[in-house]
Amino acid sequence: MASDTHGKFIWCELMTPDPKAAAEFYGKVVGWTTNEMKIQDLPPYTIFEANGAGVAGLMDFPAELEGKGIPPNWTGYVAVDDVDQTAKDFTANGGSVRRQPEDIPTVGRFAVLADPHGAVICVMTPLPRDNPTPPAPAGTPGHIGWHELMAGNMEEAFAFYSKIFGWTKDHDFDMGEMGAYRIFAEHGKQIGGMMTKPANVPMCYWGYYFNVPGIDSAIERVNAGGGKVIVGPMEVPGGSWIINATDPQGAFFCLVAPTR
């Protein structure tokens, strides 16, 4: 029986060729402050914080990935009870292991995996922490408000993730010609959506939505910082407003706000 943390998104991480510029950009756009985390024998790691709580990480683009056609990117981490078993489960169900399970001292054990259509996601079994930070209420600015999969095939992707992470269908939203948008839940709580990607989207991917207070002012900050809005502003079911954008280094990210 899986624990009540198995299948929970716990972290988000940006790999970028210019961490200093990225820290400045997201600091202005999302309101994050930064804190440095030093682990012996490992490259420097920056923590993005919202009101003192760590919400995401920032690291230099690893040299071993350069020249492989991988753009700067945000990747989410899902907590699992056993990283090695989950890596095997991904492979057994048509996915793949992009980076074999390994330990990060004082943090936990992780692996980089891809689903059967190639969307990349990380899994981690964190080491137990003294006094863990309680989760922020939904919609808290600076925290991650939504997780979205542009899937090769939504029904196949949902079957895959529900089998491995235990996610359940909350409901489908009919988007007409674009098909169904599947809202999914983790332990009964809505955490994201998935849809079959439109033909003009070149690859399957996970996208992450950061909470901001208002979308129009956030768009101004994105533009002023050298980012580019690709989609939006758009109102979504439930009344929130979203944009999809790229940062100055080319990493894709999304923002969500309760108002324009």
Rounded to the nearest 500 deg cm²/dmol, what is the calculated helix-only ellipticity per residue at 222 nm for the chain, with -39500 (n - 2.57) per DSSP H run of length n ≥ 4? -5000 deg cm²/dmol
Need one number for the stretch 26-89: average projected area of the convex hull over its C-alpha atoms, nm². 6.6 nm²
Which percent, to the nearest 5, of DSSP beta bridges fully inside the stretch 13-77 are antiparallel? 75 percent
Please compute the length gained on full extension between residue 5 and residue 199, using 0.36 nm multiplied by the number of residues separating them and subtracting their Cα-Cα distance. 66.4 nm
Expressed as a percent, the accessible surface of the chain that is carbon or sulfur, using a 1.4 Å probe and the full set of protein chains, is 55 percent
Taking the Cβ of residue 194 as the center, what net charge do the other residues with Cβ under 12 Å away carry, scoring Lys and Arg +1 and Asp and Glu -1? -3
Quick calc, the stretch 185-260, dipole around Cα centre from Cβ unit charges on Lys, Arg (+) and Asp, Glu (-), nearest 20 debye, gives 80 debye
Assuming R0 = 35 Å, what is the FRET efficiency of residue 185 and residue 51, from their Cβ-Cβ distance, to the nearest 0.05? 0.85
Give the dimensionless ratio obtained when the Cα radius of gyration of the stretch 141-255 is divided by 2.2 N^0.38 Å. 1.09
Among residues other than residue 99 whose Cβ falls under 14 Å from its Cβ, what is the net charge (Lys/Arg +1, Asp/Glu -1)? -2
Mind counting lysine pairs for me in the chain? Cα separation below 26 Å, and the two need to be 8 or more apart along the chain or on different chains. 23
Judged on accessible area alone, 1.4 Å probe, highest first, 28, 197, 38 line up as 38, 28, 197
The stretch 6-124 - Rg (one decimal) and Dmax (whole number), Cα, Å: 14.8, 43
Global geometry of the stretch 55-101, whether rounded, prolate or oblate, following the gyration tensor of its Cα atoms and the 1.5 cut on a/c: oblate
For the stretch 69-204, size of Cβ-based charge dipole, Lys and Arg +1, Asp and Glu -1, in debye: 200 debye
Output the Cα-based Rg and Dmax of the chain in Å, rounding Rg to one decimal and Dmax to a whole number. 17.6, 52
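The values are calculated or read from the model by the stated rules, or taken from the named source; none is laboratory data. Being a predicted model, the structure only gives us computed values, none of them experimental. Virtual Cβ from ideal backbone geometry, glycine too; neighbours counted across all protein chains shown. When the accessible area is computed, the model is the full protein with side chains, heavy atoms only, and any ligands, DNA or RNA have been set aside. Shrake-Rupley method; radii C 1.70, N 1.55, O 1.52, S 1.80 Å.
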